[in-house]
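The values are calculated or read from the model by the stated rules, or taken from the named source; none is laboratory data. Computed from a predicted model, the values in this text were never measured in an experiment. Cβ coordinates were reconstructed from backbone atoms using ideal geometry, including for glycine residues, and neighbour counts include every protein chain displayed. Only protein heavy atoms, including side chains, enter the accessible area calculation; ligands, DNA and RNA are left aside. Shrake-Rupley method; radii C 1.70, N 1.55, O 1.52, S 1.80 Å.
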There are 2 protein chains.
Amino acid sequence: MTGLAVEEEPSAPSAESPRVEFQVEPTSYQHWRLDFDGPIATLTMDVDEQGGLVPGYELKLNSYDLGVDIELYDAVQRLRFEHPEVRTVVLTSGKDKIFCAGANIRMLAGSPHPWKVNFCKFTNETRNGIEDATANSGQTYLAALNGTASGGGYELALACEHIMLIDDRSSAVSLPELPLLGVLPGTGGLTRVVDKRFVRRDRADYFATKSEGVGGKKAVDWKLVDEVVPRQKWADTVAERAAELSQNSTRPDDAHGITLAPLTKDRADDAITYDHLRVTLDRATRTAEITIAGPQADAPADVAAIHKQGAAFWPLAVTRELDDAILDLRTNELELGTWVLRTTGDAARVIAHDDLLLANDDDWLVNEIVHYLKRTLKRLDVTSRSLIALIDPGSCFAGSLLELALAADRSFQLFGVFEDVAPDAEPAAITVGAMNLGPLPMGNGLTRLQTRYYGDDAAREAAEARVGDALLAEDAEQLGLVTFAPDDIDWDEEVRITVEERGSFSPDALTGLEANYRFVGPETMETKIFGRLTAWQNWIFYRPNASGPAGALRKFGTGQRADFDRKRV
Amino acid sequence: MTGLAVEEEPSAPSAESPRVEFQVEPTSYQHWRLDFDGPIATLTMDVDEQGGLVPGYELKLNSYDLGVDIELYDAVQRLRFEHPEVRTVVLTSGKDKIFCAGANIRMLAGSPHPWKVNFCKFTNETRNGIEDATANSGQTYLAALNGTASGGGYELALACEHIMLIDDRSSAVSLPELPLLGVLPGTGGLTRVVDKRFVRRDRADYFATKSEGVGGKKAVDWKLVDEVVPRQKWADTVAERAAELSQNSTRPDDAHGITLAPLTKDRADDAITYDHLRVTLDRATRTAEITIAGPQADAPADVAAIHKQGAAFWPLAVTRELDDAILDLRTNELELGTWVLRTTGDAARVIAHDDLLLANDDDWLVNEIVHYLKRTLKRLDVTSRSLIALIDPGSCFAGSLLELALAADRSFQLFGVFEDVAPDAEPAAITVGAMNLGPLPMGNGLTRLQTRYYGDDAAREAAEARVGDALLAEDAEQLGLVTFAPDDIDWDEEVRITVEERGSFSPDALTGLEANYRFVGPETMETKIFGRLTAWQNWIFYRPNASGPAGALRKFGTGQRADFDRKRV
């Protein structure tokens, strides 16, 4: 170690900093432009150097921080819901000679470890969302690299279906994280290079050590990009390719988008309140209790009524609220390590909404709503918090909302009723619905029921055979759908002990445990990115070789070399 | 943080400590007994409390350290080669009421980070080897838990085909790492519970937080063990089950084992020399150069001659040497971050030995040799060192030895000859052989050629079609079998730059990069254990919540609680 003093203290938001808000709108974008030309949208990255989310760094060369990525996430979402006419999204840069330099290094170097990890998780989710739009929404992303794409910039391109690179003798694609920063390309780059683009592993290794990257013909030969295009033909070729990609879209010709109006959200220190969702923050027990209210009205009559309700349609409204709540809690409430999941309302209405969606899954908006719910539940799966579902009288864990209980690490269903409180209540029940049988797969490609009963098809089939039945605690436990079914005498103590115990364990070990247990069975590019790549990156981020005073992340740009502990681990 | 002083300094071997040797013999075992009764062998764990590999801890309650596991590895190997008559291996304990308490906590708490990680890697490899013996060697492992199996003790049982637990109202199986130590069960426990034994994920979660574990009927109901047996029926039932398991074995009735004689090994500070393998240690460039000599004689005539040569048979001899060299370097030479792989000898003789093996793959000894080579190459794959293969004139990268080049992160093949040195030499060639087409799969279940050409079947088939051809650099590069093919003018500089550059990068980032790139494509239980579980464990091991002065690992047994940073990451 050189013994040099730390030049910059971590400056990214910490528990004491102002809260991060994830709700933005295109009219207030600081870093992106969204232009439309019939079926082609152009999403232009033009980062405001002075527009960092927190002080302490400049977003030079189209580098990004969480604030830039929040806008990108918003744009991807709005394109799907507000612009059904769009069939190709051209992702390009508003700067000259540079597409995007990746995550801002000074921001990363100055950030506390949890901030780094959470930032990478969110950016990964957004890139997976881009792939999801291409695969499931008829909106194909085209990366038009009109300049160098390095690090996270190239990883952003890797999430697109087709990558075009300008051929100007200087522009290249690169993953310079390892040679320059001593960390990994942590936003899926390593995984996508070999598992998606099928770059040969020894070439991938070479590429990831060449900070200047690869451009021109070699970039095509090595499959790093799909084509290189001379500057004079650039605009025409991009337009041509965008038009071609839009040919295969399943998007309807005559659709009208809906408006994703701002959420009604009241954010206090001890509660977050939306229209259909409420979070209670209990700092004493380090618990967030998330209660989702089922539909307050019957399902609308038909698909036209869904379009008319738009963002007010309950499944969409509640998904948006859940999405925002997850992001808010994950980013702003690091010490609330346990999330208790509750529901309240009418199970039959939940199922009726589900059935309406599934009966109209050929409608573009319905398709968007179901995939958005899928993505939001996936966000829950990769959340590093313990998830406990409490199923009691008055709850409505049915169909799409039952997924919350199936996503939980453990679930409790009350056997009978609370005799002292409401002896005449209907006992708690859960209902398996069609929404549990396929439309909402996890990142491992399995449904949550398939994951739950992995290796035991008979038990899964027995549970699936009960679709539509209101299952009381005894049945649900017998079928294996809930973990425990205490009666009202034991309920309070069993729940209390679980929550207290969870709060007493090492938060790090819980994160590792949950990351392993939630994704049993097959692996996909997604589980590799969140399981393997992220875990290695977390370790590397935490090591002095990257983040110590003499580590590569901290020394970048100082003109001094990092001083490494050379021991291989 | 409590601010308490560190009570114990790390005491496990470091770079300055005496070297660890992996060669042992049954007559000198300190911790295990091996008994034979016809087709049934009993491997009894009876750890010598005072027999720790390094000072500073007592191996109470059949807890283990690296020394205990080195003996276990030796026993598993010798059973396969020296005892072909054995069809069932009963793994049990020589202590009363305790099967095995897992890895010794004081040893772990006192060990430097690289020691912890390397220890876990070796123990994982040995447990995978137990599963390999069951799957491929006709030697089925039966865990006879005559007392509590906790932590690594239960993980050892999980590697066995059948788990019996004594039902005495106190014995249980448990994974107490998370609640007691703030770390994960890191020897495959988390993965095997859900992916091998199909324990439901919420039950697995509960189980991994209950330090006292689960015994009796519940352990069977939850699939944690296969059966519980009352004490009075214990011995008879174990014998019965062992006999049953031996029925299905493919082992021959009349075979005679071979003796794994001690290796000839000269270990100096700058070189390790065996009969067929030499390692040169260059501390200036932080490089180990491993040179393997091909067969010095023609392949023997038939399988009888293989048996007669026994441990001197070149493929077995060289595999044993490579195995020992990998373990020695991994454990004792942490700062040698790059391994340069070379061969020298006659390619035709290598292929002839390969062909002899493959033509006799129904012979038990041949089967053992091929699977041992497979396991040793897998050891190379999970080694956290950069692997560079150099293919020059006089080398014999053919068939089984070509796997070394295919395992490497990069390979260089000389185009032509060294004009200044040996202008009349035969140019460097590589030869694809039958051994590259299936018998030596990686942990991901693919051959190294399938891994190399993942997503490009046409390129793989083109390479595979050249079986038997001596491929010069131009051809090999064209086919994608080597990374680079410089001529003699560029060779020295290209190789030097690669080695120097590799040595300049962050060792941690290289480890993460290689762990991601070497295992493209499908995942298996093995890749999950080495990729995902290990990565999370490495991170957790390095966090103050586990290993800091107030961390759970350091506080265990002191009567004081760990003091956790509660932030979730």
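Structure data summary
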| item | result |
| --- | --- |
| Heavy-atom accessible surface that A and B bury in contact, both chains counted, 1.4 Å, Å² to 100 | 9000 |
| Helical contribution to [θ] at 222 nm, DSSP H n ≥ 4, -39,500 (n - 2.57), averaged over the protein assembly as shown, rounded to 500 | -11000 deg cm²/dmol |
| Dipole of segment B:449-569, positive end: most advanced residue of B:Leu533, B:Val495, B:Gly455 [Cβ charges, Cα centre] | B:Leu533 |
| Position A:Thr344, label points 7 Å along Cα→Cβ, spacing to each other copy in nm (shortest first, one decimal) | 8.0 |
| Three semi-axes of the equivalent ellipsoid, segment B:439-569, Cα gyration tensor, whole Å, largest first | 43, 21, 10 |
| Debye, to nearest 20: dipole size of segment B:346-490, +1 on Lys, Arg Cβ, -1 on Asp, Glu Cβ | 860 |
| In degrees, nearest ten, helix B:347-359 long axis to first principal axis of chain B (Cα) | 50 |
| FRET efficiency estimate (nearest 0.05) - Cβ-Cβ, A:Gln296 to B:Gln23, R0 56 angstrom | 0.15 |
| FRET E, pair A:Glu419, A:Asp253, Förster distance 60 Å, beta-carbon r, rounded to 0.05 | 0.50 |
| Global geometry of segment B:475-526, whether rounded, prolate or oblate, following the gyration tensor of its Cα atoms and the 1.5 cut on a/c | oblate |
| Net dipole in debye of segment A:340-390 [+1 Lys, Arg Cβ; -1 Asp, Glu Cβ; about Cα centre; nearest 20] | 500 |
| Amide H partners (placed H, <5 Å) of A:Leu277, local residues excluded | A:Ala293 |
| Shape of the protein assembly as shown, Cα gyration tensor, a/c cut at 1.5 | oblate |
| Whether segment A:324-420 is rounded, prolate or oblate, judged on the alpha carbon gyration tensor where a/c under 1.5 counts as rounded | oblate |
| Square roots of five times the Cα gyration tensor eigenvalues for segment B:517-566, Å | 32, 10, 7 |
| Segment B:266-517 - charge dipole about Cα centre, Lys and Arg +1 at Cβ, Asp and Glu -1, debye rounded to 20 | 980 |
| Per residue accessible area of segment B:266-517, 1.4 Å probe, in Å² | 33 |
| Compactness relative to 2.2 N^0.38 Å, alpha carbon Rg of segment A:158-301 | 1.64 |
| Selection from B:Ala352, A:Thr483, A:Leu175, by position along the positive dipole direction of the protein assembly as shown (Cβ) | A:Leu175 |
| Fraction of accessible area attributable to carbon and sulfur, the protein assembly as shown (%, probe 1.4 Å) | 49 |
| Net charge contributed by nearby residues that have their C-beta within less than 9 Å of A:Ile388 (K/R +1, D/E -1) | +1 |
| Degrees, to the nearest 10: A:314-332 long Cα axis against longest axis of chain A | 60 |
| For B:Asn248, label point 7 Å along C-beta direction: distances to other copies, nm | 4.5 |
| Nm distances between copies for B:Glu461, ranked from closest, using label points 7 Å along Cα→Cβ | 3.7 |
| Folded to 0 to 90 degrees: helix B:488-504 orientation relative to chain B principal axis, Cα | 20 |
| Whole-Å distance, taken between Cα centres, linking segment A:492-558 and segment A:295-333 | 30 |
| Segment A:266-517: equivalent-ellipsoid semi-axes (sqrt of 5 x gyration tensor eigenvalues, Cα, Å) | 26, 22, 19 |
| Around A:Val214: net Lys/Arg minus Asp/Glu count, Cβ-Cβ under 12 Å | +3 |
| Area accessible to solvent at B:Glu464, 1.4 Å probe radius, in Å² | 40 |
| Cα-Cα pairs of chain A separated by more than 43 Å (percent) | 20 |
| Length released on extending from B:Asp266 to B:Ser504, taking residue separation times 0.36 nm less the Cα-Cα span | 82.7 nm |
| Positions from segment B:514-554 whose accessible area shrinks by 50 Å² or more when the full protein complex is built, not the chain alone, probe 1.4 Å | B:Asn516, B:Tyr517, B:Glu523, B:Arg532, B:Ala535, B:Trp536, B:Trp539, B:Tyr542, B:Arg543 |
| For segment A:453-483, residues shielded by at least 30 square angstrom of accessible area compared with the chain on its own, probe 1.4 Å | A:Tyr454, A:Gly455, A:Thr483 |
| For the protein assembly as shown, share of DSSP beta bridges that run antiparallel, in % to the nearest 5 | 30 |
| Counted charge near A:Arg200, where neighbours are those whose Cβ lies closer than 11 Å (Asp, Glu -1; Lys, Arg +1) | +3 |
